[in-house]
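J.: Provided herewith is a single structure, encoded as structure tokens, for subsequent inquiry.
No value in this document is a laboratory result; all are computed from the given coordinates. Nothing here was measured: the structure is a model prediction, and the numbers come from that model. Glycine gets a Cβ as well: all are built from the backbone with ideal geometry, and neighbour counts include every protein chain shown.
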Amino acid sequence: MKHFDISESSQRERIQTVIYDGAEGASMAVANEIRDIIKERQKSGKNAVLGLATGSTPVRLYRELIRMHRDEGLSFANVITFNLDEYYGLSGDHPESYRRFMQDQLFDHVDIPEANTHVPDGLVAREEVFASCSAYEEAINAAGGIDIQILGIGRTGHIGFNEPGSGPDSRTRLVTLDSLTRRDAARDFLGEQNVPRHAITMGVGTILDAKKVFLLAWGEAKAEVIAQAVEETPTDIIPASFLQSHANCVFNVDRSAASQLTRVLHPWLVGPVEWSAPMTRKAVQWLARKVNKPLLKLVDEDYSENGMGDLLTEKGSSYDLNINLFNITQHTITGWPGGKPGADDSHRPERATPHPKRSLILSPEPLDDVFCLGGTMHRLANQGHEVTIAYQTSGNLAVPDTEVRRAIELIIELGEERQADTEAKFARTVEKHLDAKGQFGADTAEVRHLKGLIRRSEARSSARLLGLDISHLSFLDLPFYENGRYRRFSMTAEDVSIMKALLEKIQPHQIFATGLGHDPLSVPAISFEVLREALKQCEGSDWLKECNIWLYRGLGTEWEAHEIDMAVPLSPDELKNKIQGIYQHQTQRSQSPSSSQKGPSDAWNLAEQVNRNTAEIYDALGLAEYEAIEGFKLWNA
Ligand code: F6R
């Protein structure tokens, strides 16, 4: 049942889905709807009832509502809110409770009366949970029902905390959290073991009762689940798919979150397309994988039977198409990521001159570098390039307290042995701060400093193993990261000026960076924004005109084969060496590698798996068989 106009290209979509360039525009659109209903109700002396979500997704929306309150005088005095969920077992003042989150992100900055804000009670006794949940539903009804419900979506397909298995009739209740959901929250709670196992959530049925629903989603990590919710038959495996039955539901997504929708992923399957070079490459590589043949063995029937007959007509024969695509893919492969001196570079991803190149590798946190391009870094250093690795943030938030305590003991003991009072005194201070903060308190500057130093030592050890000159490591400690907890970051002018100073100092011939397309509040995404702003400020500089910017995709993920402009093969020994490099990041062993991918929480296996997988894809397309490949995409800013 569709309740909206569809176009040819969106014919597979069962929920109205609007694709925005970024989270900003999509959030503004919803903020405007909220402002409109608040004002409309004000005129008739009535309340506007909002259903609210927490997490990274709605943060931009809340910032915009706060701005409207501050700059435009939008009053929230007539607003009543009901939040979707709360962790069971957390009090409202726990730093990771959803009540605290709402106070910090919205309620404390607008004029909403405290009594009008409702978040499920996470501390209600087990035997009173049912009554408390029923009362929550009654309160929603008594307020007149929810006018606008805001949703994010989890990678399990959950809305609220309705995990797979939640039916369309489910109501507010106590639920058990999925292991993937708990892993995604691990960083917020400084370890998966600290993430609550249960939560109280509105049910899918409760959500479906709202008059209007907006689901927001950003970043490539959400792309798969968005496509499933929007295009597949509703199923309790993806609870968000039940929104298909809602008469007034819109998904506002950014380009990255939309990337797995048929109209974006395989547009030739839903209508005529313009066969540009990138589109042709994408389609032919897709075809080869679909029919399980190497590129050079595709025949006319493969094209015509898979919705690509018009491409054949336009380009002549499968023979020409195959050869062309084979050559394009072949030319992405290079063992010389800094260019091959003295070689004909007309078909090489990176130009031969100048040689050596000043190469700048940007790593949002220590570990991103070796994890994603450890093999390439090793090659660059080996081939005589001047490699600087700049760690954009300190990464101190990801160091477990147990690791600092180990360092403290070492320093104290050494200090006592050597009568080095200052160091031992500092270590004792850090110890006191740790004791005082409890399990979830914020770290003091001293604790963060020591944690940052631990990550620096790991980064050095890893870089040394990869053959890099460690005097060329640069630790930027960007300030945006230093004042917070995960999901609460925002870029500052100081971040940009630090990055700009680095660029001007190095004047790189090539930069390796990541973060484009990630969840906009994530560390890689903000680190990338900082780079983008700094580059803008360097516009016109001679060095920038000559500089190639190579994007790596990020922890535990890799570009699709058709997106790769430079594929750097790793030999079995190089792969082993890279894994050894990753091992140096001891403190990260127990951490989830990132919130941007599925898979085992053990970062170690994931890097190897991803690089081997890319090599297998190249092999399946009929290119040479390598042990592993690291892929890069050229960024045209
Ligand atoms: C939050 C909630 C969850 C989140 C979802 C996405 O109140 O109910 O469904 O919306 O887990 O989380 P983020 O936005 O952090 O990716």
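J.: Among rounded, prolate and oblate, which fits the stretch 287-331 when a ≥ b ≥ c are the square roots of the eigenvalues of its C-alpha gyration tensor, a/c under 1.5 means rounded, and a/b larger than b/c means prolate?
T.: It comes out oblate by the Cα gyration axes.
J.: Further question on the same structure: Take the Cα atoms of the stretch 483-637, build their convex hull, and give its volume per residue in Å³.
T.: 136 Å³
J.: Which of the lysines could a cross-linker bridge to residue 39, judged by Cα under 22 Å and excluding same-chain residues fewer than eight apart?
T.: 211, 212
J.: Does the stretch 3-64 come out rounded, prolate or oblate, given a ≥ b ≥ c as the square roots of the eigenvalues of its C-alpha gyration tensor, rounded meaning a/c under 1.5 and, failing that, prolate meaning a/b above b/c?
T.: Oblate shape, in that a/c is at least 1.5 and b/c is the bigger or equal ratio.
J.: Moving to a separate point now. So if R0 is 30 Å, what FRET efficiency would residue 344 and residue 279 give, r being the distance between their Cβ atoms, rounded to the nearest 0.05?
T.: 0.55
J.: Evaluate the relative contact order of the stretch 287-331 (contact order divided by residue number), counting alpha-carbon pairs under 8 angstrom at least 6 apart; express in whole percent.
T.: Dividing the mean separation by the residue count of the stretch 287-331 yields 38 percent.
J.: With both partners inside the stretch 16-263, how many of the DSSP beta bridges are antiparallel, as a percent to the nearest 5?
T.: Antiparallel bridges: around 30 percent, rounded to the nearest 5.
J.: Using a cut-off of 9 Å between beta-carbons, work out the net charge of the residues near residue 437 (Lys and Arg +1, Asp and Glu -1, residue 437 not included).
T.: Net charge in that neighbourhood comes out at -3.
J.: In debye, nearest 20: dipole of the stretch 16-263 around its Cα centre with unit charges on the Cβ of K, R (+) and D, E (-)?
T.: Roughly 320 debye, rounded to the nearest 20.
J.: Treating the Cα atoms of the stretch 381-528 as identical point scatterers in vacuum, please give the log10 of the normalised Debye intensity I(q)/I(0) at q = 0.11 Å⁻¹, two decimals.
T.: So the normalised log intensities work out to -0.53.
J.: Shifting gears a bit: What number results when the radius of gyration of the chain, computed over Cα atoms, is divided by 2.2 N^0.38 Å?
T.: On the way: Rg = 26.1 Å, N = 637, 2.2 N^0.38 = 25.6 Å.
Dividing the Cα radius of gyration by 2.2 N^0.38 Å gives 1.02.
J.: Only helical DSSP H runs with n ≥ 4 go in: add -39500 (n - 2.57) per run for the chain, normalise by residue count and round the 222 nm mean residue ellipticity to 500 deg cm²/dmol.
T.: On the way: 22 runs with 258 residues, N = 637.
One gets -12500 deg cm²/dmol as the mean residue ellipticity at 222 nm.
J.: How would you rank 319-331, 548-560, highest first, on the average number of other Cβ atoms within 10 Å across their residues?
T.: 548-560, 319-331
J.: Going by a ≥ b ≥ c, the root eigenvalues of the Cα gyration tensor, does the stretch 64-118 fall in the rounded group (a/c under 1.5), the prolate group (a/b larger than b/c) or the oblate group?
T.: The shape class here is prolate.
J.: Could you compute the net charge surrounding residue 619? Neighbours are other residues with a C-beta less than 15 Å from the C-beta of residue 619; K and R count +1, D and E count -1.
T.: 0
J.: For the stretch 296-450, which semi-axes, largest first and in whole Å, follow from the square roots of 5 times the eigenvalues of its Cα gyration tensor?
T.: Largest first, the stretch 296-450 gives 55, 23, 11 Å.
J.: Need one number: % antiparallel among DSSP beta bridges in the chain, to the nearest 5.
T.: Numbers: 16 of 56 bridges.
Within the chain, antiparallel bridges account for around 30 percent of the total.
J.: While we're on this one: Work out Dmax and Rg for the stretch 506-594 from the C-alpha atoms and quote the Rg first, both in angstrom.
T.: 15.7, 45
J.: Continuing with the same structure: Among 306, 329, 319, which residue has its Cα positioned farthest towards the positive end of the charge dipole of the stretch 287-331, with +1 placed on the Cβ of Lys and Arg, -1 on the Cβ of Asp and Glu, and the dipole taken about the Cα centre?
T.: 329
J.: Would you mind estimating how fast the stretch 37-82 diffuses translationally, via Stokes-Einstein at 37 °C and 0.692 mPa s with the Kirkwood radius over Cα pairs, in µm²/s?
T.: It diffuses with D of about 288 µm²/s by this estimate.
J.: What ranking do 461, 259, 471 get, fewest neighbouring Cβ atoms within 10 angstrom at the top?
T.: Ordered by Cβ neighbours within 10 Å, fewest first: 471, 461, 259.
J.: Taking the Cα centre of the stretch 321-399 as origin, sum charge times position over the Cβ atoms of Lys and Arg (+1) and Asp and Glu (-1), and report the length of that vector in debye to the nearest 20.
T.: Approximately 220 debye in magnitude.
J.: Find out how many positive minus negative residues lie around residue 308, taking Lys and Arg as positive, Asp and Glu as negative, among other residues whose Cβ is under 13 Å from that of residue 308.
T.: Around residue 308, the charge tally is -2.
J.: Taking 0.36 nm per intervening residue step and subtracting the Cα-Cα distance, what contour gain separates residue 248 from residue 91 on full extension?
T.: Result: 53.1 nm gained on full extension.
J.: To continue, here is another question. Evaluate the charge dipole of the stretch 287-331 about its Cα centre and quote only its size in Debye, nearest 20, assuming +1 on the Cβ of each Lys and Arg and -1 on the Cβ of each Asp and Glu.
T.: Around 280 debye, computed over the stretch 287-331.
J.: When the convex hull of the Cα atoms of the stretch 55-209 is projected onto a plane and the area is averaged over all directions, what value comes out in nm²?
T.: Details: hull surface 36.0 nm².
In nm², the orientation-averaged hull projection of the stretch 55-209 is 9.0.
J.: Given 10 °C and 1.306 mPa s, how large is the Stokes-Einstein diffusion coefficient of the stretch 269-370 in µm²/s, with Rh as the Kirkwood radius over Cα pairs?
T.: Translational D for this selection: 98 µm²/s.
J.: May I ask you to sort 431, 163 by Cβ crowding, counting other Cβ atoms within 10 Å and putting the fewest first?
T.: With the sparsest Cβ surroundings first, the list reads 431, 163.
J.: Apply 1/(1 + (r/R0)^6) to the Cβ-Cβ distance of residue 413 and residue 179, taking R0 = 51 Å, and write down the FRET efficiency to the nearest 0.05.
T.: Efficiency, from the Cβ-Cβ distance: 0.85.
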